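Here is the structure we will look at, set down as structure tokens.
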Amino acid sequence: MTHEKKKKIAIRYYSKTGHMKRMAEVVAAVTGAEARPVSEPMEEPVDTLFLGSAVYLAGVDAQVKDFIASLDAERVKKVVCFSSAGILTSSYAQVKALLEQRGIAVDAREFHCRGQFALLHRGHPDRQDLDALRHFVAQLEEE
Ligand SMILES: Cc1cc2nc3c(=O)[nH]c(=O)nc-3n(C[C@H](O)[C@H](O)[C@H](O)COP(=O)(O)O)c2cc1C
């Protein structure tokens with residue numbers, strides 16, 4: 001699709017122990033966008049926002065909620081979620097609900113993998129997890 005305008009992409013993540021940061025850097029490597037923490041507000045309108053968040057006790061961190069509350073539905077066409085967690089399934093359901101409350105579309109496809117939690121899932125996200133994430137993002141990029 002040589003005549004198509006290149007999609008504008010942004011990446012934001014929240015990471016307490018570095019897993020989501022590593023994952024965001026993989027998304028950055030595939031898309032060419034910069035991996036930035038949710039503490040950095042969105043500057044420009046985007047077609048796709050990749051949003052990375054893990055699960056902690058009661059769910060996503062308050063910083064992720066604040067970031068979502070700061071988004072302008074007119075300036076974010078769609079969000080693609082990626083997440084990791086030690087025990088639970090992904091943060092997708094919570095993040096999706098928060099985004100939809102703001103009127104922002106959320107891609108039905110998400111990426112989730114295990115993230116080391118104390119002695120559980122040591123070494124995750126590992127190379128295979130990151131390869132799977134790379135593949136997931138590359139497939140979306142082809143659309
Ligand atoms: C303080 C804390 C609380 C956590 N609570 C949960 C939890 O309740 N359920 C769960 O599945 N994983 C839990 N985890 C595991 C994280 O979701 C997992 O390690 C994730 O990969 C962390 O990503 P991060 O390194 O980007 O912060 C917790 C991790 C931390 C550090």
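What follows is calculated from the coordinates using simple rules that are stated; it is not laboratory data. Small disclaimer: the values here were computed from a predicted structure and weren't measured. Methodologically, a virtual Cβ is constructed for each residue, glycine included, from the backbone with ideal geometry; neighbour enumeration extends over all protein chains shown.
Before moving on, here are some points about what is shown:
- Mean Cβ neighbour count within 10 Å, used as a protection proxy, ranking 48-58, 6-16 highest first: 48-58, 6-16
- Under 24 Å from the Cα of residue 8 - lysines, other chains or at least 8 residues apart: 21, 65, 77, 78, 96
- Label-point separation in nm, residue 131 to residue 93, each point 7 Å along Cα→Cβ: 3.1 nm
- Whichever aspartates and glutamates have a C-alpha closer than 17 Å to that of residue 7, once near sequence neighbours (fewer than 8 apart) are set aside: 34, 43, 44, 47, 74, 107, 141, 142, 143
- Centre separation in Å (Cα based) which lies between the range 19-39 and the range 67-136: 12 Å
- Semi-axes of the equivalent ellipsoid of the range 84-133 are 25, 13, 6 Å, computed as sqrt(5λ) over the eigenvalues of the C-alpha gyration tensor in descending order.
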